[in-house]
Amino acid sequence: MGTYFANPLLLWGGLAIAAPIIIFLLTRFRFRTVEWAALTFLQRAVKRQQRRLNLENLLLLLVRCLILLLFALALARPRAQALVLTREDDVRKNVVIALDASYSMGYQLGSDEDETAFERARRTAKEIVAGLESGDRVMVSVFDEDVRSLYPSPREMNEEGRRDVLQDLDDAPEVRRSERGTDLPGLLAALPRVLSKFDLGPGGQPPPEGAQPLKKTLYLLTDCQRAGVLDDAGALKNPALGRAAKEIEALGATIVLVDCGAEDPKNLTVTRFGTLEPVVGQDLPCHVEVSVKNWSAFALNDLTVEYFVDGATTPQKVVSLSIPPGEERAPEPLRYLFKEAGPHRVEVQVRSDGLVLDNRRHVVIDVRREVRVLLVDGERGRARVDNETYYLEEALKLAETDDGRGLIRPEVVDPAQVSGARLEDYDVVILANVGTVPDDASTALEAYARQGGAVVFTLGGLVDVRHYNDDLWRGGAGLFPTALQEMRGGTWLEAQDDRDAPAWFMTVTDPRHPVAGLFTSEEMVTWLKAAQIYGFFAADPAPPTRDLPAPQVPFRLVPRASDDGAVGGDRARSIDEGQPLLVERAFGRGRAVAWLTTVDYGWNNCVVHDGFYVPFWRQLVLDLTQRSRPALNLGIGDRYERLLRAEEYGRVEVETPDGRREQVPVEKLDDQELYRALYPPEGERDALEMSGFYTVARAGVSGADEAPAPDYFAVTIDPAEGDLAKFSAEELQTALEVPVRPIRHELVREVLVAQGGGAGASEFWRHALAGVIGLLVLESVLAAAFGRGRR
């Protein structure tokens, strides 16, 4: 019965037709017959009309009974199957099953944890295969962000073929739910190659020229996730999706959409999790922040947010949270003090809905004893306050606690001391107004940056432009990140004596940059505009090439306007507008940065505006420090890389979140005294596929009495996949401009008929409801007409 009605139990409502019948019978016999002499004069007239009155009453009774029957039928939602042909000249069916394996398919459909959208889709795929007949052919593709085909060519449905396909749907490693997102455009782009294989001859030869493609049916088993496919207006986000659908239609395929997801899913996602501080220091307070997004159209109240630290089973902190529909909220952060340096694991869990995977998130916090910065001062003064690096040193070593402790530890040296320093012991090296860099120091700095260090150049009057271009820039092959041009403007002292002297404001051009992003709020923009630049070196960052990565220019210069609104000073006009101020480029595994003015008060007044100067330089140093360290927080699809010095070399073993242990090969890098451990190793697996914490253990380190403490890294999923808003078959058909047939997952086997490959389940409750409305109108018209006739 469930095949023909969505709600078969509601058919019992048809018994309500007994009500008008009983009322009709009761009203017929509720009067007593009383003899009355005058009645004999009326009997003839009554007998003439009695037959007409009985016919009118019976007609009204019939209409009222039909109204109740059709209403019960509409509630039961009758449906029928519409044929979708796969072959016109052959009884064989050519079927492609596309199975969505993205992490949103892990949504639990009931109290049973094993009943997920993916398991429903897998079961539906097996029912399709079981419903095929001998001689039919099938291909199976599993997709998330990638597309994986189980077979190189169509499998014929003989006894062995059916058994193998059913077994593969249960056991094949490709047929498992992943933790990746969904790429429906990528699937449709790959399907023409799959569909065309049905048209090849027995030996794989192409079909004859001009031959019509065989009819095929594409079963799309998915949760119909709207994100990445349709925008709010129902248009395709990627026009290539429409072109791929047209190509699929041209190959003779009909798309059958099988919605295997929840009808009205509710979901929230942990979208961001990390520390407020760019670098966390030992025995210094930090704040672990989390953001949670409610994707559904319903408010989610009284949620429980739990923070766990270093594998503890008891939460360090528990907070309550309520989120309105469609909004994102940040609960109270975890304030924590790490007593030991090294990597620490922190996890957040939100107990809420059926998609458990995106209700938790992991982060590894690299707690540092200190951040060491080497300041190379190119202009030493008679007094320390006259040094080029004096104000920078003071800003970096500011205390962060009441007892005077700070995270950043700057050290000042002369340019001649660079080549003899152990640069690998420093997180950042800053060269301040260094006129020329000796060859041995330049070589050491390049090696330091290639191995992951960060080098910052600040300029000034001592800089030799030719040396920087010829020896440090070298057409993009050197360490300096840009080619220099002439010096523009003048000094701050000159600007104080000349009100028409050129001056420039700083403006943020890349708010996504960690440093520039600090100066996007209203308060910080005020500080940014207060600081003015009076002199700088013009630069022309080269565009990216195959060997030269693209530069980042997060800050540029805009000329200051004069009192009458014009740009002040002829020297500050036109070509200077939009000149780079901060240029950053990758160099090997490290970073090279150029601040194209002075770091003291020579060419600008930044040092007197501590609301800009202090946060700018501290954030820049801490951000470069963090990026120069091995990445400990990765995403699905990334690889973990750890560089080891010779004294750190040994065996490396990785333990995955599910407890598996794997040996990782360690290889020596060419022309460097470094070794690299890469996980997963190249050639074994594409990338990291499981979220959670990973443990990295090293053993057999030469000269070590005991094994070093383990390292950790975390892998997280893409939070955008948590948006479970759905598209309908009608919306997809309109957007693709090709037929898309909807079908309920429980009907797939019943609609596999001998001549076709599938049918969409058409429901007729709207027709039944329209019949109810029509009969109600008819009943009202008849009752009114019969009433007037009787009067």
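The values are calculated or read from the model by the stated rules, or taken from the named source; none is laboratory data. Values in this document were obtained by computation on a predicted structure and should not be read as measured data. Positions of Cβ are backbone-derived with ideal geometry, glycine not excepted, and every protein chain shown enters the neighbour counts. When the accessible area is computed, the model is the full protein with side chains, heavy atoms only, and any ligands, DNA or RNA have been set aside. Shrake-Rupley method; radii C 1.70, N 1.55, O 1.52, S 1.80 Å.
Please find, within region 653-681, the residue that is most open to solvent (accessible area, probe 1.4 Å) out of those that are in contact (Cβ under 8 Å) with a residue 40 or more places away in the chain and touching a Pro at 6+ places or on another chain (Cβ under 9 Å).
E655
Just checking, does region 690-707 include any residue being within 24 Å of W295 (Cβ to Cβ) and of a type outside the set (A, V, I, L, M)?
Yes; the residues of region 690-707 include at least one that is within 24 Å of W295 (Cβ to Cβ) and of a type outside the set (A, V, I, L, M).
Here are the criteria: (1) open to solvent by 30 Å² or more (accessible area, probe 1.4 Å); (2) free of Cβ contacts under 8 Å to residues at least 40 places away in the same chain; (3) touching a helix residue (DSSP H, G or I) at 6+ places or on another chain (Cβ under 9 Å); (4) not in a loop (DSSP other than H, G, I, E, B). Tell me which single one D440 does not satisfy.
(3)
Just to verify a result, which residue in region 293-307, among those that are open to solvent by less than 20 Å² (accessible area, probe 1.4 Å) and not β-branched (V, I, T), is nearest to the chain's Cα centre (by Cα)?
From region 293-307, those open to solvent by less than 20 Å² (accessible area, probe 1.4 Å) are 294, 296, 303, 305, 307; that's our starting set.
From the residues that got through so far, the ones that are not β-branched (V, I, T) too are 294, 296, 303, 307.
Numbers: N294: 15, S296: 17, L303: 23, Y307: 23 Å.
Going through the qualifying residues, I end up with N294.
For region 110-145, give me each residue that is among the small types (G, A, S) and touching a Phe, Trp or Tyr at 6+ places or on another chain (Cβ under 7 Å).
A117
For region 488-547, which positions are of a type in the set (V, I, T) and open to solvent by 30 Å² or more (accessible area, probe 1.4 Å)?
T491, T507, V508, T509, T520, V525, T526, T545 - these are the residues of region 488-547 that are of a type in the set (V, I, T) and open to solvent by 30 Å² or more (accessible area, probe 1.4 Å).
May I ask you to list the residues in region 733-743 that are over 14 Å from A233 (Cβ atoms) and crowded, with 17+ Cβ neighbours inside 10 Å?
Of everything in region 733-743, those that are over 14 Å from A233 (Cβ atoms) and crowded, with 17+ Cβ neighbours inside 10 Å turn out to be Q733, L736, V738, V740, R741, P742, I743.
Evaluate region 463-478: report whether one residue or more is under 30 Å from A449 (Cα atoms), modelled with pLDDT of 95 or more and part of a loop (DSSP other than H, G, I, E, B).
Yes: region 463-478 contains one or more residues that are under 30 Å from A449 (Cα atoms), modelled with pLDDT of 95 or more and part of a loop (DSSP other than H, G, I, E, B).
Out of all the residues in region 345-358, is one or more open to solvent by less than 50 Å² (accessible area, probe 1.4 Å) and over 30 Å from Y107 (Cβ atoms)? Show your work before the answer.
Looking only at region 345-358, we keep the residues that are open to solvent by less than 50 Å² (accessible area, probe 1.4 Å), and these are 346-350, 353-355, 357-358.
Keeping just the survivors that are over 30 Å from Y107 (Cβ atoms) gives none.
Checked region 345-358: no residue is open to solvent by less than 50 Å² (accessible area, probe 1.4 Å) and over 30 Å from Y107 (Cβ atoms).
For region 633-652, which residues satisfy the criterion of being more than 18 Å from E424 (Cα to Cα) and either of a type in the set (S, T, Y) or buried (at least 20 other Cβ atoms within 10 Å of the Cβ) (or both)?
I636, Y640, V652 - these are the residues of region 633-652 that are more than 18 Å from E424 (Cα to Cα) and either of a type in the set (S, T, Y) or buried (at least 20 other Cβ atoms within 10 Å of the Cβ) (or both).
What single numbered condition from (1) open to solvent by 20 Å² or more (accessible area, probe 1.4 Å); (2) at pLDDT 90 or above; (3) touching an Asp or Glu at 6+ places or on another chain (Cβ under 7 Å) fails to hold for Q619?
(3)
If you go through region 448-455 one residue at a time, do you hit one that is closer than 24 Å to T482 by Cα, in a loop (DSSP other than H, G, I, E, B) and open to solvent by 30 Å² or more (accessible area, probe 1.4 Å)?
Checked region 448-455: at least one residue is closer than 24 Å to T482 by Cα, in a loop (DSSP other than H, G, I, E, B) and open to solvent by 30 Å² or more (accessible area, probe 1.4 Å).
From A190, A227, grab the single residue that is open to solvent by less than 40 Å² (accessible area, probe 1.4 Å) and within 13 Å of S141 (Cβ to Cβ).
Of A190, A227, the one residue that is open to solvent by less than 40 Å² (accessible area, probe 1.4 Å) and within 13 Å of S141 (Cβ to Cβ) is A190.
What number of residues within region 131-172 are open to solvent by less than 10 Å² (accessible area, probe 1.4 Å) and part of a helix (DSSP H, G or I)?
Residues that pass the stated criteria total 3.
Just wondering, is there one or more residues in region 239-258 that are surrounded by fewer than 19 Cβ atoms within 10 Å (Cβ to Cβ), farther than 24 Å from R744 by Cβ, outside the structural domain of Q316 (by TED's automatic domain parsing) and without any contact (Cβ under 8 Å) to a residue 12 or more places away in the chain?
Checking region 239-258: at least one residue is surrounded by fewer than 19 Cβ atoms within 10 Å (Cβ to Cβ), farther than 24 Å from R744 by Cβ, outside the structural domain of Q316 (by TED's automatic domain parsing) and without any contact (Cβ under 8 Å) to a residue 12 or more places away in the chain.
Can you confirm whether A477 is open to solvent by 10 Å² or more (accessible area, probe 1.4 Å) and under 39 Å from the mean Cα position of the chain (by Cα)?
Considered against the rule, which asks whether it is open to solvent by 10 Å² or more (accessible area, probe 1.4 Å) and under 39 Å from the mean Cα position of the chain (by Cα), A477 comes out as yes.
Scanning for something buried (at least 24 other Cβ atoms within 10 Å of the Cβ) and in a helix (DSSP H, G or I), does region 108-120 turn up at least one residue?
Yes, region 108-120 has at least one match.
So the check is Cβ under 9 Å with 6+ separation or different chains; which pairs have a first residue in region 294-320 that's assigned to a loop (DSSP other than H, G, I, E, B) and a second one that's open to solvent by less than 80 Å² (accessible area, probe 1.4 Å) and of a type in the set (K, R)?
Partner pairs satisfying both residue conditions: D310/R345; G311/R345.
The conditions are (1) open to solvent by less than 20 Å² (accessible area, probe 1.4 Å); (2) under 16 Å from Q316 (Cα atoms); (3) at pLDDT 95 or above, and R361 fails exactly one of them. Which is it?
(1)
Which is of a type outside the set (F, W, Y) and more than 20 Å from G692 (Cβ to Cβ), of R329, R360, R272, R351?
Working: R360 fails: more than 20 Å from G692 (Cβ to Cβ); R272 fails: more than 20 Å from G692 (Cβ to Cβ); R351 fails: more than 20 Å from G692 (Cβ to Cβ).
That would be R329, the only listed residue that is of a type outside the set (F, W, Y) and more than 20 Å from G692 (Cβ to Cβ).
Hey, among the residues in region 193-206 that are under 16 Å from E247 (Cβ atoms) and not aliphatic (A, V, I, L, M), which one's surrounded by the fewest Cβ atoms within 10 Å (Cβ to Cβ)? Show your work before the answer.
Of all residues in region 193-206, those under 16 Å from E247 (Cβ atoms) come to 193-199.
Filter once more, so that each one left must be not aliphatic (A, V, I, L, M): 193, 196-199.
On the way: R193: 11, S196: 16, K197: 17, F198: 24, D199: 16.
The residue in question is R193.
Looking at region 589-608, I want the residues that are within 15 Å of N433 (Cβ to Cβ) and open to solvent by 10 Å² or more (accessible area, probe 1.4 Å) and have a partner that is of a type in the set (F, W, Y) and in a loop (DSSP other than H, G, I, E, B) with Cβ atoms under 7 Å, at least 6 apart or on another chain. Which pairs are those?
W603/Y534; V607/Y601
Every residue in region 479-498 that is farther than 21 Å from I430 by Cβ and part of a loop (DSSP other than H, G, I, E, B), please.
G490, T491, D498
Anything in region 377-425 that is surrounded by fewer than 22 Cβ atoms within 10 Å (Cβ to Cβ), part of a loop (DSSP other than H, G, I, E, B) and under 39 Å from the mean Cα position of the chain (by Cα)? List them, or say none.
K397, L398, A399, E400, T401, G406
Is there a residue in region 642-651 that is under 27 Å from H362 (Cα atoms) and either in contact with a Cys (Cβ under 8 Å, 6 or more places away or on another chain) or at pLDDT 90 or above (or both)?
Scanning region 642-651, I find no residue that is under 27 Å from H362 (Cα atoms) and either in contact with a Cys (Cβ under 8 Å, 6 or more places away or on another chain) or at pLDDT 90 or above (or both), so the answer is no.
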